[in-house]
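The values are calculated or read from the model by the stated rules, or taken from the named source; none is laboratory data. Note that the coordinates shown come from a computational prediction; the quantities given were computed from them, not determined experimentally. We place every Cβ from the backbone using ideal geometry, glycine too, and count neighbours over all the protein chains shown.
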Amino acid sequence: MPSRRQKPINDWESRFQAIVSHTPGLVFQCRLHADGRLDFPYLSEGCHALLGITVQQLHNEPERFATLLLPEDRASFRASMMTSATGGKAWNWEGRIRVAQWNDIKWINLRCTPRLAAAEQNVGVRMQWDGIMSNITQSKLEEAEIKRSRAQLAELSAHVEKVKEQERSRIAREIHDDLGGNLTAIKMALALLARHLPADAALELTDKARYVDSLVDRTLEAIHRIAGDLRPGVLDFGIGAAIEWQAREFEKQTGIPCALDVDAQEIALPTDQATVLFRIFQEALTNICKHAGAGRVEVRLVCREDNLFLEVADNGKGIAAADQRKPQSFGIRGMTERVLALGGELCLENAAAGGCVVSIRIPLSNP
C-alpha cells in the first residue's frame, strides 16, 4: 500500500500520463551530452506512430533518430539545436524524416523548452529539453499547394497582361493605319472638292465644307490620342524616353511639377518588360493624381548591378497601411502583380518628410 508521501506522487504521475495520452504527437525529453551525443530519457507512446520506432528501441539506440532525418535537413536540425543549447532559448524546428519500413516521408515540427539542473551538469549533460514532436505533413502539403496555386495564378495573370498589351498594340495599329489613313484620304478629297466649288457657291456650302474639314482634323487628333493610350509609340524609343514623355504629359494634364532623374545610359528592355514598367508608372501617377493631394513629384530611373530601379515619390499626404490592404485597392494590387510577374519587387511606403514613395526593382535578365 503506498505511503502518504507516495500517493500524491502517484496521483501526479497519473494526471501527467492522462494528459500525455490525449496529446497528439510525441511528448519527449532529450539530452545533449558534452560529447555531442543525444539521448531521450522520456518518450510517450506516440513514438511509434510518429517515428516508426518503439519507445524501447529509441531508448536503446538514440542515434537512430538522426538516421531518420533526410540528409538535406540534418544540418538545419543540428544548427537549431546548438543555437538553443548555446543561448538557452526555445528550440523550434521543422524538417523531414523518412520512415523506411512504411516508405513514408513526413514533415515534423519540434518545439521544446531548454532546462539544465545542477545534478545533470555533474554527469556531463550540456542541455536538456522538454517538448513535443508533431506530424505537420498535411499542413505542409496544403502550404505547398497554395504556393503552387499562387504561382500558377501569377503566371496566368502575367499571360493575360501580355495578351492584353498585344491586343492593345494590334488595335492601336489598326486605328492608326486604317481609320487614320481613311480619314486622311477623306480630308484630301474634301480639300479637292472645296477647291472646285464655283466662285459663286453659297456661303452656307463653303462653311459646311470648312466644318467637315475641321471635324476630320478633330477625329484624326482623337485617333492619335486613343492609339497613343493603347500603345504609346514613344516606347519604340526606349523606356527612358517613354518615362520622360509620360512625366511631361502628367505635368501638362495636372499642373503638378514632375522632376526627372533618368539614367544617361541607354536602358535596353525587352518590349514586354518595357510595356509593363510603363503601365506601372502610369498607374503610380494616376494614384498620385487621385489620392495624394501632392504639389510635386520626383521620378528616378537608374540601372545598378543588372537591376532596373524606378522610384516615384510625391510630397502628398501619404498612404495608411489599412488603405494598402483594402480589397478595392486594385491599382496597388495590379502594380504589385505586374512587378512580381517580371521577377521584381515593389515597395510602397511613406517618406520621412511626408508623402509616399513607390520603389520598384526589376532584374534586367529574363525573370
Scope the range 208-227; condition of a type in the set (Gly, Ala, Ser) and touching a helix residue (DSSP H, G or I) at 6+ places or on another chain (Cβ under 8 Å); matching residues: ALA209, ALA227
Selection status of GLU251, among the acidic types (Asp, Glu) and at pLDDT below 75: no
Pairs with Cβ under 9 Å, 6+ apart, first in the range 64-87 and of a type in the set (Lys, Arg), second surrounded by 13 or more Cβ atoms within 10 Å (Cβ to Cβ): ARG64/LEU51; ARG64/ILE53; ARG64/GLN57; ARG64/LEU58; ARG74/GLY95
Single condition GLN138 does not satisfy, out of (1) loosely packed, with under 11 Cβ neighbours inside 10 Å; (2) closer than 24 Å to LEU230 by Cα: (2)
Members of the range 300-348 found to be surrounded by 13 or more Cβ atoms within 10 Å (Cβ to Cβ), of a type in the set (Asp, Glu) and at pLDDT 80 or above, listed by number: GLU311, ASP314, GLU345
Exclusive hit being within 27 Å of the chain's Cα centre (by Cα) and of a type in the set (A, V, I, L, M, F, W, C), set LEU260, LEU285: LEU285
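Which residues, taken from the range 261-307, are assigned to a helix (DSSP H, G or I), farther than 15 Å from GLN246 by Cβ and either without any contact (Cβ under 8 Å) to a residue 60 or more places away in the chain or not polar (S, T, N, Q) (or both)?
Listed by number, the residues that qualify are THR271, ASP272, LYS290, HIS291, ALA292.
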Checklist (1) under 30 Å from GLN166 (Cβ atoms); (2) at pLDDT 80 or above; (3) outside any strand (DSSP E or B) applied to ILE256, failing item: (1)
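Table: residues versus (1) closer than 13 Å to THR275 by Cβ; (2) among the hydroxyl-bearing types (Ser, Thr, Tyr); (3) part of a helix (DSSP H, G or I).
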{"residue": "GLN138", "(1), (2), (3)": "no, no, yes"}
{"residue": "ALA144", "(1), (2), (3)": "no, no, yes"}
{"residue": "ALA151", "(1), (2), (3)": "no, no, yes"}
{"residue": "SER157", "(1), (2), (3)": "no, yes, yes"}
{"residue": "VAL160", "(1), (2), (3)": "no, no, yes"}
{"residue": "GLU167", "(1), (2), (3)": "yes, no, yes"}
{"residue": "ILE175", "(1), (2), (3)": "no, no, yes"}
Filtered residues of the range 68-87 (kept if in a helix (DSSP H, G or I) and surrounded by 12 or more Cβ atoms within 10 Å (Cβ to Cβ)): LEU68, ASP73, ARG74, SER76, PHE77, ARG78, SER80, MET81, MET82, THR83, SER84, ALA85
Unmet criterion (only one of (1) in a helix (DSSP H, G or I); (2) exposed (fewer than 15 other Cβ atoms within 10 Å of the Cβ); (3) touching a helix residue (DSSP H, G or I) at 6+ places or on another chain (Cβ under 9 Å)) for PHE65: (2)
Single condition ILE53 does not satisfy, out of (1) of a type in the set (A, V, I, L, M, F, W, C); (2) outside any loop (DSSP other than H, G, I, E, B); (3) within 16 Å of ILE108 (Cα to Cα): (2)
